[in-house]
Amino acid sequence: MKSRLEDIYKTTVRAELFKELGLQNIMQVPRINKIVLNVGVKEAVSDSKAVVMVKEILDQIAGQSSAKSLAKKSIASFKLRQGMPIGVMVTLRKSNMYHFLDKLINIVLPAVRDFQGVRPTFDGNGGYNIGIKDWMVFPEVDYDKVDRTRGMNITIHTSAEKDEHAYALLKKFKMPFQQDQKR
């Protein structure tokens, strides 16, 4: 099933960006490649059930199955051993990615308390990161099943080679950037 944002991208946004950015070929127009959601679970070192609970909730938020992130090396001062699960992540592509982005822009970000917009800072390669301090803003999270609030990192990977192109793409999707820090 096609997403609303996917239809908007294919019908209007792609043509508008092609003209605005002055590109030579329609294939140069930036697009979103994938969205990665990541939740760290620091108490997984002492409580292995915490990762299972976080995985269940992230599966509901993303709409698909997530994977456990394993520690790459042992750190004695943190009582961490190589191969222990320390987080949960999921990569969204195609229609799942557009459905999640639509939900993020129109439902989740406006529900954040004292929301002033997201900062327009990119990673230099057209990627964009958003940190959410409380995952309770997602409508799928059941308050009764959650033991504590957790943060989440959302990474949006685009095909843009310049940050300005990625900014223009997300702006066309109506990403609520802060007004005082225009590019």
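The values are calculated or read from the model by the stated rules, or taken from the named source; none is laboratory data. Keep in mind the model is a prediction, meaning the values are calculated, not measured. Quick reminder, even Gly has a Cβ in these numbers, built from the backbone with ideal geometry, and neighbours come from all protein chains shown.
Within the set A160, A168, the sole residue that is modelled with pLDDT of 90 or more and assigned to a loop (DSSP other than H, G, I, E, B) turns out to be A160.
Just so you know, in the stretch 65-94 the residues that are more than 20 Å from I130 (Cα to Cα) and among the polar types (S, T, N, Q) include one that is surrounded by the fewest Cβ atoms within 10 Å (Cβ to Cβ), and it is S77.
Residue-by-condition table, conditions (1) closer than 22 Å to F18 by Cα; (2) free of Cβ contacts under 8 Å to residues at least 40 places away in the same chain:
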| position | (1), (2) |
| --- | --- |
| I75 | no, yes |
| V88 | no, no |
| I107 | no, yes |
| Q116 | no, no |
| P120 | yes, no |
| S159 | yes, no |
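Residues K2, K55, K73, K68: which one is in a loop (DSSP other than H, G, I, E, B) and more than 29 Å from K171 (Cα to Cα)? After ruling out the rest, the residue left standing is K73. Exactly one residue among D59, D102, D47 is farther than 25 Å from Y128 by Cβ and acidic (D, E), and that residue is D47.
Has the stretch 73-82 got at least one residue that is of a type in the set (A, V, I, L, M), more than 23 Å from A50 (Cβ to Cβ) and out of contact with any Pro (no Cβ under 7 Å at 6 or more places or on another chain)? For the stretch 73-82, residues of a type in the set (A, V, I, L, M), more than 23 Å from A50 (Cβ to Cβ) and out of contact with any Pro (no Cβ under 7 Å at 6 or more places or on another chain): absent. For the stretch 46-101, a tally of residues being hydroxyl-bearing (S, T, Y) and more than 17 Å from the chain's Cα centre (by Cα) returns 4.
Reported count of residues in the stretch 1-44, each being touching a strand residue (DSSP E or B) at 6+ places or on another chain (Cβ under 6 Å) and either more than 19 Å from K103 (Cα to Cα) or of a type outside the set (V, I, T) (or both), is 8.
Among the criteria (1) buried (at least 18 other Cβ atoms within 10 Å of the Cβ); (2) out of contact with any strand residue (DSSP E or B) (no Cβ under 7 Å at 6 or more places or on another chain), the one N106 does not fulfil is (1).
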